[in-house]
Amino acid sequence: MEREYDVVVIGTGVAGSDIAWHCGDAGMEVAITDQQEYGGTCALRGCVPKKVLVGAAEVVARVRDQQGNGIRGEVSIDWPRLVAFEHTFTDPVPRRKEERFRKVGVQTYYGPARFTGPNRVAVGGDTLTARDIVIATGAHPRPLGVPGADLMTSSDDFFSLEALPERIVFIGGGYISFEFAHVAARAGAAVTILQRSGRVLSGFDPDIVDRLVLASEEIGIDVQVNMPLLSIEKNADGLLVRAGKEGKEKIFEADMAVHGAGRVSAIEHLDLAAGKIETDRRGIRVNEYLQSVSNPAVYVAGDANPTSPQLTPVAVMDAHIVVDNIRNGNARVADYSVVPSAVFTTPPLASVGLTEEAAKERGIPCIVHAGDLSGRFTNRSIGEKHSRYKLLIERGSRRILGAHLIGHHAEEVINVFALAIRHNLTADDLALDAIPWAYPSNTYDIIHMVHPLARK
């Protein structure tokens, strides 16, 4: 059956859902489809279930860090019950999504979509035509192309493990591997991270990352660099993971190998050529309006957008940009210049703005404030010994250019610095004389970052 709409959205994650809902609420005829259950990565296989697991790991960490300081007794993670609790957040999502769509008249479809023309997509036995089509299909694990790659467990499937294996090898040294590794280690697993290059978490400040590596090693995580994956094979006891460079290969025994080596746009099933949609090695080519450069009827949002940092808040921002551009003509451009990011380990790591390396490459004269906050009351009182910071302050103007943190509530404090960078605030704008920050709090410690010798 052929049906005509104003907007067809492919994908029901954060970006696709917001676009469909807002367009439907504006009175447009909208259809949406997904080849998986409604909800997308963040709600079902990413941010939300991850934070449930991380929350349990944080409780274990806090109790263990406070042993001898008035806290006694051990705590442990009951993995099956934790996963069951996690499912109380994820299981209702598809139904809630569908109900929300129905309230604004969005027509729901189920199954993979493929282009059959510049303004046409096929979903099962239906052909949908539209003035505008939005690709919001998210991302999936990057194909690794090594022998035995099919033996790996995807990061998506990690959330549904009925039991936690005793020995886990994480492939890749990015945020996915580190977050899961910290959860697994706190739950009692023996954990190894294999990174193909010499640096883990390469997008973050290396000095702050080094501190996270130390914190990871202290809880038993074995972080191995210069260990590109070569092969995985089964044996009687589990898996043999072979990695390393020529002449320095190692074999790691494991019960499970988890793919944490990056994600790429999930677009290969769409038959983009039939839709006159150009691609390059990164994915769909888009302009500053998040519009296909070759087919103006097509927009791309969220993790399917190859220019995106692949973060949930960015997907939401993409959605709002696309909605405005569909409704009002191309009036808004995507700006990813100030995007805070966090690694939800224990302690968490967070970053926004320029790194020290990037500032040097651009020739920007900077003052670097770096130091240890573990002796501050906010950290000492909870036994957090890995709290560090690095700020980049422009010489002369004293504008905040970058902030890199590790420590308790770093994922919250980083948002203050993101706001400061976006609005060109100076270090003096964040000082105690400008803002009497709530005390005691991790945000209050900002005064010691912007003025390391500041009075209390």
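We did not get these values from a lab; they are worked out from the coordinates using the rules stated. Every value quoted in this text rests on a predicted model; they were computed, and no experiment measured them. Cβ placement follows ideal geometry from the backbone for every residue including glycine, while neighbour counts extend to all protein chains displayed.
Here are the numbers:
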{"quantity": "Protection-proxy order for peptides 271-277, 444-450, each taking the mean of Cβ atoms within 10 Å per residue, highest first", "calculated": "444-450, 271-277"}
{"quantity": "32 Å Cα-Cα threshold exceeded, pairs from 97/385; 245/385; 50/390", "calculated": "97/385; 245/385"}
{"quantity": "Nearest-0.05 FRET efficiency for residue 222 and residue 320, computed from C-beta distance (R0 56 Å)", "calculated": "0.85"}
{"quantity": "Scattering profile of the chain at q = 0.09 Å⁻¹ [log10 I(q)/I(0), Debye over alpha-carbon scatterers]", "calculated": "-0.67"}
{"quantity": "Distant-in-sequence amide H partners of residue 227 (H built 1.01 Å from N, under 5 Å)", "calculated": "195, 196, 197"}
{"quantity": "Extension reserve of the residue 154-residue 2 stretch, reckoned as 0.36 nm per residue once the Cα distance is removed", "calculated": "51.1 nm"}
{"quantity": "Magnitude of the charge dipole, the chain, Cβ model with Lys/Arg +1 and Asp/Glu -1, debye to 20", "calculated": "780"}
{"quantity": "Nearest-0.05 FRET efficiency for residue 255 and residue 328, computed from C-beta distance (R0 51 Å)", "calculated": "0.40"}
{"quantity": "Rg/Rh (Cα only; Kirkwood hydrodynamic radius) as it applies to the range 123-267", "calculated": "1.06"}
{"quantity": "Separation between Cα centres of the range 222-275 and the range 87-143, rounded to whole Å", "calculated": "30"}
{"quantity": "Highest to lowest packing among 197-210, 79-92, scored as the average C-beta count within 10 Å", "calculated": "197-210, 79-92"}
{"quantity": "Stretchable slack from residue 110 to residue 162, in nm (0.36 nm times residue separation minus alpha-carbon distance)", "calculated": "16.0 nm"}
{"quantity": "Student exercise, the range 34-157 dipole from Lys, Arg, Asp, Glu Cβ charges, in Debye to nearest 20", "calculated": "420"}
{"quantity": "The range 347-450, dipole about Cα centre (Lys/Arg Cβ +1, Asp/Glu Cβ -1), debye to the nearest 20", "calculated": "160"}
{"quantity": "Distance (nanometres) between label positions extended 7 Å along Cα→Cβ at residue 78 and residue 236", "calculated": "3.6"}
{"quantity": "Packing-based ranking, highest mean first, of 324-332, 41-49, 306-314, 418-426 given that Cβ atoms within 10 Å are counted", "calculated": "41-49, 306-314, 418-426, 324-332"}
{"quantity": "Linear extension gain, residue 380 paired with residue 424, 0.36 nm per residue minus alpha-carbon span", "calculated": "12.6 nm"}
